[in-house]
Every structure is written in C-alpha cells, then in structure tokens.
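*Asks:* Okay, here's the structure, questions in a sec.
Just so you know, all these numbers are worked out from the coordinates, no wet-lab data involved. Keep in mind that this is a model prediction, so the values were computed, not measured. Because the Cβ atoms are built from the backbone with ideal geometry, glycine has one as well, and the counts that use them run over all protein chains shown.
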Amino acid sequence: MVAAKIIVYAGDEEQYFTFITSEAYSELEKWMTNRSVCGELINEQSWVMRHLWDTKRGHMHGFVTAPKKLKFAGVKRMMKDALWTQGIRTKLELGKKRHEFQADHGFRKWFKTRCELSGMKSINVQTLMSPLIGIGDSYYRASETELLDDYLKAIEFLIINDKEKLESEVKKSENDISNIKSVEFQLMVKANEIQIMKEKHEQEIKTIREEMNQQFVPVSGLPKFDIAMSTG
C-alpha cells in the first residue's frame, strides 16, 4: 500500500475525501489499535479523534470505554500539548509575540508546500485540502483516479520517517526493476516473433525456388551455333 483514502467531515454537507501516506495510515492504525487494547469498542462509527483518558497522574479525563468526540478546540489543544511535550515548541524569546509556525495551520502549509514541490497541480493540492477552492470549483472536476495519480507524485515528499523513506525508495526501485523486466520480456517475445516470421519467410522462398526448379528443367543436346563476326 502506498496511500489510503479518508473521508473528512463524514455525513456533513462539506464532506470530501483526501489521501494520506502509508506512513500516516500506519500511525493511525496504531492509534486505533491502542484504543482497542485499552478497552474501547472500535467499529465503523468510531471517531478518529476522541478525548484522551488518564493522561496525567491524579487527573481523570473520563474513561476509555466511554469515548467522547473531540471538537475543533480539543484537537487544537491536543496538538499544542504535543508540540510542548516533544520540545518542538518552547517559550517565546523576549520581544517576540508569535511562534515560528501555527499549531494546526502549519501542517496545512507544510502539506501544500511539499505537494507543490513534488510537481502536483496546485488546484489538486487545494482540492485534497478542502473542496472549497473558489470560482475554479465550478469549472474544474478532477476524478478520484486523477487526484490519486497526481498525489502519488508527492508520496516521497510527504514521508517524515527516514525508515519509511528508505522503504518507499526500495518499493519504487522494485517497481522500476519489475517494469524493466516486463519491457525486457516483451522485447524477447517480439524478437521471438520476428525470428519465427523470418524462418517462415525463408522457408517460403526455399519452397518457391524448388517449385521453379521442377518446372524449368534444363534442356541438353541442342545444337550450338558459332556466330562469326566479319569486318568489311
């Protein structure tokens, strides 16, 4: 698997689909598995983002068996907590009022930049980020297959983990080798067909010559005439 399709705002008027890398899908799978192992019943109705439980000693944040849908503010808070916990976001220097990047919107900017660097069409990038792309939405309707084909260009640009990048490069190399072998096989088949046609043609020529030799038998014993040339 190189990419996965996800539905955003499922059941809402603004519902749309987008894609995530195999790396992102793997992490999402781990998250859902962890919730299941901890006791949550996971099914098709389970939210991707839910409130956390028992995250701090001495503090109760609800029960894993009673999930609550995480709203926009909750997702934003979770992202900020993660940035501070991992040391990615630190206290602002004296005189500064803003951090280097926004907690949530920074990911959108990074995604857009990386996709466009890969060669994706800007309008396709915007479509995968949100279906509300202005007046162009009335005229441009890329199919799901067209969007996926374009998105696949960006896979290597979106992978974060070095191990995942290496595995992606290995898969790409394997695909390239497979394609080369396929072309070599096709060329071999074509060469074999040409050789068969050549042998068939040579056999036809040989047969024609044999038939001609049988029809035109040399005549022997005819008188010979000497033509003398005289000069006057």
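*Asks:* Can you order the peptides 107-115, 91-99, 32-40 by their average number of other Cβ atoms within 10 Å per residue, highest first? It would help to have the intermediate numbers written out before the result.
*Replies:* Numbers: 107-115: 14.7, 91-99: 7.9, 32-40: 13.1.
Result, highest mean Cβ count within 10 Å first: 107-115, 32-40, 91-99.
*Asks:* Take residue 123 and residue 201, extend 7 Å from each Cα along the Cα→Cβ direction, and tell me the distance between the two endpoints in nm.
*Replies:* Going by the 7 Å Cα→Cβ label model, 5.0 nm.
*Asks:* On a full-extension model of 0.36 nm per residue, what is the gain between residue 85 and residue 213, subtracting their alpha-carbon distance, rounded to one decimal in nm?
*Replies:* On the way: separation 128, 0.36 × 128 = 46.08 nm, distance 9.65 nm.
Fully extending the segment from residue 85 to residue 213 adds 36.4 nm.
*Asks:* For residue 14 and residue 148, FRET efficiency with R0 = 22 Å and r from the beta-carbon atoms, rounded to 0.05? The partial results should precede the final answer.
*Replies:* On the way: r = 21 Å, r/R0 = 0.95.
Rounded to the nearest 0.05, the efficiency is 0.55.
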